[in-house]
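What follows is one structure encoded as structure tokens, with my remarks underneath.
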Amino acid sequence: MLVASRTLSNHLILCRLLLLVPSIFPNIRVFSRESSLFMRWPKYWSLSFRICPSSEHSGLISFRMDTFDLLAVHGTLKSLLQLHNSNASILRRSAFFMVQLSLPYITNKIFRGMHGAEETEIDQFYEDLQDLIEVTPKKDVLLIIGDWNAKVGNQEIKGTTGKFGLGDQNEAGQRLIEFCQENKLVITNTLFQQHKRRLYIWTSPGGQHRNQIDYILCSQRWRSSIQSAKTRPGADCGSDHQLLIAKFKLKLKKVGKTTGPVRYNLNQIPYEYTVEVRNRFKDLDLLDSVPEELWVEARNIIQEAATKTIPMKKKCKKAKWLSNEALQIAGERRQAKCEGDSERYRKLNADFQRITRRDKKAFLNEKCKEIEENNRMGRTRDLFKKIGKMKGTFRTKITIIKDKSGKHLTEAEDIKKRWQEYTEELYQKDIDGSYTPGSVVTDLEPDILESEVKWALESTANNKASGSDDIPAELFKILKDDAVKVLHSICQQVWKTQQWPEDWRRSVYIPIPKKGSAKECSNYRTIALISHASKVMLKILQGRLKQYVDRELPEVQAGFRRGRGTRDQIANMRWIMEKAREFQKDIYFCFIDYAKAFDCVDHSKLWQVLKEMGVPDHLICLLRNLYVGQEATVRTGYGTTDWFKIGERSTARLYIVSLLI
């Protein structure tokens, strides 16, 4: 851990702790007339310095640590300093270097210090220091080290000073305390009980007065990280001030694992699952239950049986191509290393490398044969799935997001709140005040048939992410007729009461990055995941609406229609382009791409259009009750947000009526 420092006055340094590897070091810029910098490294590090003049301030020298021979540090540093007309003295004791620089005086932008300064200079100093603190990120560890020429005394002030200071408080000390209180800083060398010789910093020439005027300030948030703060009277610093040292221990936050969605291993669903679910389905009241209660009972039965009988998907941490022989040799190699048998270790390591190369080659050959076979047989899903597994997929993790004002958010809770705020604004619509949520109509359409439910369930795609209930479509399909009966009863109750279960009105949004900066929420596409059981009801609604929609759509409409494509339209465009080129005529095409088209649908006009098309009030009422009072959550890399209400808005469900827009 290193400290990046900037001196603001004669002995004042603003520090931010940086976690760096030993071979990478920050620049330390010295703005003062005189300054002593102490640098210590383990003996096994090879370091030297490079000096270069600063272009920002006259007389400013920046120096950086690089990896060179440690023996050349003394001569190189001194010679470079002398080239810049600066007096340098270097003291080397073991791996400890003290470098004292005497630099030319920096003009009015930098203060000479707090000693003998005018009141206006002190005010300006605190204003400049305040500006630097305000631009320092709040998440950084802030330390301000310097000679303040102030005595804060031994009176304890909660959150700012301890009771182990030295002397009595003076006017400058009161000013420093007020500054610390405004910025939530604590004066660390007043917190620990020490002998007086470990407290005083400066001794008068006659030895009569000993004062504590140098302080290390730390953010209150990091108060517990300060282990001790005391002076070293015996240190040869070449100054009338004692060396002040603080021991800082930083404990990094342990990032907890976020709870992701439930992922069952659906390759081979055990027979015990179907037996248990079918037996428990027999006890359900399929006739007199309301939709919400019946769905909750069926959902709990499926979830409990799946959790009990179906294993979860496990991530394989070891390389998939490693054979048992390679793993056995790896264990023997590990044992030889622990025993210190270097010769046996080298032999086993060579064997392990040879066997792993052989296993990897055989693994890749086998996968290539499987890919070629899938391509030959036309199994495109398996083809691209295996290709994706072999090449790997890059997934962007949302680590930094900007808020409305452009400020970067890095904390997990702040990122989740921002996504919730953005999604609420995106999908919030003006609710029609003339419509009462939960309204029903008495003139009902013909009841739903079991054959419709069976068709809708079978047409639901496999290998699709589940919604808020965490129930994949495969868990319904494997139950066959038993699932059809239960879903038919639920859908029929929804059809009659026109009231949807709560889970069926919930959506889980997944942000998927598009083009542009990944820090802007607007550059993400929000995909909605809904319950697979609700898709059965939606497919039935889609089938009932189709007969009314087909009458209104023109023959040239190719999108969103089964059995139709755009081949004829593309052929016509190519023919027009060829004719225009043949007769040397200009041709113009206008392509319109609506931004967030589904998210901007005016539902009040949508219901009006449906009514004008002759769609029965019963179907319109079902759709309106589906979209009123919906809840949503956003799944991010730091977990999901809280559930929040959203008004009438378009989601993935609008594929039912999207062809009307």
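The values are calculated or read from the model by the stated rules, or taken from the named source; none is laboratory data. Computed from a predicted structure; not experimentally measured. Cβ placement follows ideal geometry from the backbone for every residue including glycine, while neighbour counts extend to all protein chains displayed. For the accessible areas, the whole protein counts, side chains as well, though only heavy atoms, and no ligand, DNA or RNA atoms are used. Shrake-Rupley method; radii C 1.70, N 1.55, O 1.52, S 1.80 Å.
Residue separation times 0.36 nm, minus the C-alpha to C-alpha distance between residue 402 and residue 421: what's the value?
Full extension of this stretch gives 5.6 nm more.
Across the cross-link table entries 539/596; 184/515; 282/314, which are compared at the Cα atoms, the separations over 30 Å belong to 184/515; 282/314. Note on residue 391: aspartates and glutamates with a C-alpha under 16 Å away, same-chain residues under 8 apart excluded, are 366, 370, 372, 382. Straightening the chain between residue 366 and residue 293 buys 21.2 nm, computed as 0.36 nm per residue apart minus the Cα-Cα spacing. Per residue, region 163-279 exposes 62 Å² of accessible surface when a 1.4 Å probe is rolled over the protein heavy atoms with every protein chain present.
Computed extension length for residue 463-residue 183: 95.4 nm, one decimal, from 0.36 nm per residue of separation with the Cα-Cα distance subtracted. In terms of Cα atoms, the Rg and Dmax of region 119-248 work out to 14.4, 45 Å. Reported to the nearest whole Å, the Cα centre-to-centre distance from region 125-162 to region 530-573 is 67. Counting only protein heavy atoms and a 1.4 Å probe, region 324-391 has 79 square angstrom of accessible area per residue. Of 575, 295, the order by accessible heavy-atom surface (1.4 Å probe, DNA, RNA and ligands excluded), from most exposed downward, is 575, 295. Using the Cβ-Cβ distance between residue 124 and residue 522 with R0 = 56 Å, the FRET efficiency computed as 1/(1 + (r/R0)^6) comes to roughly 0.85. Per-residue packing, averaged as other Cβ atoms within 10 Å, sorts the ranges 368-376, 450-458, 270-278 into the order 450-458, 270-278, 368-376, beginning with the highest. Which whole-percent values make up P(r) of region 466-528 when all C-alpha to C-alpha distances are grouped in 10 Å steps starting at zero? Result, from short to long distances: 18, 31, 26, 16, 9 percent. Annotation: residue 290 carries an accessible surface of approximately 70 Å², with a 1.4 Å probe and no ligand, DNA or RNA atoms counted. Modelled spin-label separation between residue 210 and residue 168, with each label point placed 7 Å from Cα along the Cα-to-Cβ direction: 2.0 nm. Computed on region 324-391, with alpha-carbon pairs under 8 angstrom and 6+ residues apart, the relative contact order is 22 percent.
Close amide-amide hydrogen proximity is noted between residue 507 and 631, 632, 633, each under 5 Å apart and 5 or more residues distant or on a separate chain (H modeled in the peptide plane; Pro and chain starts excluded). Could you list which residues have their amide H under 5 Å from that of residue 263, counting only those 5 or more apart in sequence or on another chain, with H placed in the peptide plane? So residue 263 has HN proximity to 313.
Taking the Cα centre of region 119-248 as reference, the dipole from Cβ charges on Lys and Arg (+1) and Asp and Glu (-1) amounts to some 1080 debye. For 302, 400, the ranking by accessible surface with the largest value first comes to 400, 302, using a 1.4 Å probe. Rolling a 1.4 angstrom probe over region 119-248 with all protein chains present gives an accessible area of which 44% lies on carbon and sulfur atoms.
Along region 522-535 the Karplus relation, 6.51 cos²θ - 1.76 cosθ + 1.60 evaluated at θ = phi - 60°, assigns HN-Hα couplings of 5, 8, 10, 9, 8, 9, 9, 9, 10, 5, 5, 5, 5, 5 Hz to successive residues, with x for each Gly and Pro.
Of all the C-alpha pairs in region 324-391, what % are more than 14 Å from each other? The answer is 66 percent, as a whole percent.
Using the Cβ-Cβ distance between residue 444 and residue 275 with R0 set to 41 Å, the FRET efficiency from 1/(1 + (r/R0)^6) comes to roughly 0.65. Rounded to the nearest whole Hz, the Karplus-based 3J(HN,Hα) values (6.51 cos²θ - 1.76 cosθ + 1.60, θ = phi - 60°) of region 567-580 follow the sequence 4, 5, 5, 5, 5, 5, 5, 5, 5, 5, 5, 5, 5, 5, with x at glycine and proline.
Taking a straight Cα-Cα cut-off under 29 Å and skipping sequence neighbours fewer than 8 places away in the same chain, the lysines within cross-link reach of residue 337 are 43, 315, 317, 318, 320, 347, 360, 361. Residues whose amide H falls under 5 Å from that of residue 228, counting only those 5 or more places apart or on a different chain, are 247, with hydrogens built in the peptide plane. Site pair residue 411 and residue 303 shows an inter-label distance of 3.1 nm when each label is modelled 7 Å from Cα along Cα→Cβ.
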